1. Looking at ASP194, ASP179, ASP229 in this structure, which one is modelled with pLDDT of 90 or more and either open to solvent by 80 Å² or more (accessible area, probe 1.4 Å) or touching a strand residue (DSSP E or B) at 6+ places or on another chain (Cβ under 7 Å) (or both)?
2. Does region 151-172 include one or more residues that are modelled with pLDDT of 95 or more, surrounded by fewer than 17 Cβ atoms within 10 Å (Cβ to Cβ), on the phi < 0 side of the Ramachandran plot and of a type in the set (Ser, Thr, Tyr)?
3. Does region 197-218 include one or more residues that are over 25 Å from LEU99 (Cβ atoms), open to solvent by less than 60 Å² (accessible area, probe 1.4 Å), in a helix (DSSP H, G or I) and at pLDDT 95 or above?
4. Going through region 166-192 one residue at a time, which ones are under 22 Å from the mean Cα position of the chain (by Cα) and touching a residue at least 40 places away in the same chain (Cβ under 8 Å)?
5. Starting from residues that are open to solvent by 60 Å² or more (accessible area, probe 1.4 Å), among the hydrophobic types (A, V, I, L, M, F, W, C) and farther than 20 Å from GLN36 by Cα, keep the ones in region 59-93 and report whichever is modelled with the highest pLDDT.
6. Where in region 84-164 are there helices (runs of 4 or more DSSP H), lying wholly inside it, with at least 3 residues that are more than 15 Å from the chain's Cα centre (by Cα) and farther than 23 Å from ASN185 by Cβ?
7. Filtering region 1-20 down to residues that are open to solvent by less than 50 Å² (accessible area, probe 1.4 Å) and not hydroxyl-bearing (Ser, Thr, Tyr), which residue is modelled with the highest pLDDT?
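The values are calculated or read from the model by the stated rules, or taken from the named source; none is laboratory data. These numbers were taken from a predicted model, which means no experiment stands behind them. So basically every Cβ, Gly included, is an ideal-geometry build from the backbone, and we count neighbours across all protein chains shown. SASA here: full protein model, heavy atoms, side chains in, ligands and nucleic acids out. Shrake-Rupley method; radii C 1.70, N 1.55, O 1.52, S 1.80 Å.
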Amino acid sequence: MINDLELASSSTDHWKYVDDVTISESLKKNEVSVLQSDLNTIERWTVNNNMKLNGKKCKEMILSFVRSENDIPRLLIDGLPLDLVPSFKILGLTMNNKLKWQDNTEALVKKASKRLYIIRVRQRCGLPPNDLLLVYFSMVRSILEYACPVWHTMLPKCLGDKIEKVQKRAFRIIYPTTDYEDALNIAKCKRLVDRRQELCAKTFKKILKPDAHLNHLLPPLREESHELDLRNNSNFTLTKCRTERFKTSFIPAMTANFNRK
């Protein structure tokens with residue numbers, strides 16, 4: 001529906017998925033925002049295609065870590081300002097304006113916990129543990145691991161424990177007389193934190209391919225940065241991270257993990 005929607009501005013980015021569009025820009029101090037111009041372009045495009053933007057469903061979020069108040073003008077649709085929100089859900093992930101994952105974790109845990117009822121009902125009907133495991137893997141664990149490469153490396157232990165508790169509750173239903181560690185062994189299943197680490201490693205391995213979509217985000221190899229033949233030439237040059245937030249994000253965290261192997 002929106003394949004032919006194009007934005008002329010070179011200082012902004014936009015992403016399209018089915019009928020969903022997200023636009024963004026990165027501003028330095030005292031720079032002027034041009035995002036309203038892109039929003040006007042989208043609004044004109046919808047009118048030309050016999051559609052209309054619903055301003056009540058469009059949201060604005062500002063990510064800023066400076067202590068002073070920002071003076072960025074509000075975005076408008078039909079002359080009315082968009083709702084300025086601290087967090088919003090996009091393609092199943094709940095993002096917030098501090099790039100923390102409390103909101104997303106709570107959303108995943110709440111959704112997955114509701115589905116434990118499905119396992120409980122089938123357990124009461126006499127479904128064997130192996131079949132209950134299949135239900136858990138497909139309908140509960142899949143939710144808890146959704147898009148985990150985006151957030152796993154930045155997840156503090158307290159939030160990881162909240163996610164793990166859902167699996168513990170599921171295993172208490174499936175194996176009511178067995179403790180958690182023994183139940184994991186019987187089911188030949190791993191803790192969720194270990195599975196997320198493996199999923200992140202698989203994603204990083206795909207990005208290592210030269211033609212991968214995100215390959216350009218990787219730092220250069222040491223053999224590309226030095227003329228000398230070093231023992232660790234196959235390692236990446238570590239990215240200089242000014243903040244812990246950036247250091248624990250996916251690319252810096254996984255390149256550091258790759259170098260340690």
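1. Numbers: ASP194 fails: either open to solvent by 80 Å² or more (accessible area, probe 1.4 Å) or touching a strand residue (DSSP E or B) at 6+ places or on another chain (Cβ under 7 Å) (or both); ASP229 fails: modelled with pLDDT of 90 or more.
Unique residue meeting the criteria: ASP179.
2. No: zero hits.
3. No, region 197-218 has no match at all.
4. VAL166, LEU192
5. Of everything passing the filter in region 59-93, LEU91 is modelled with the highest pLDDT.
6. Details: elements: 102-124, 129-136, 148-151.
So the answer is 102-124.
7. Initial filter on region 1-20 (open to solvent by less than 50 Å² (accessible area, probe 1.4 Å)): 2, 5, 7, 9, 12.
Now narrow it down to the ones that are not hydroxyl-bearing (Ser, Thr, Tyr): 2, 5, 7.
Details: ILE2: 81, LEU5: 85, LEU7: 81.
Within region 1-20, the match that is modelled with the highest pLDDT is LEU5.
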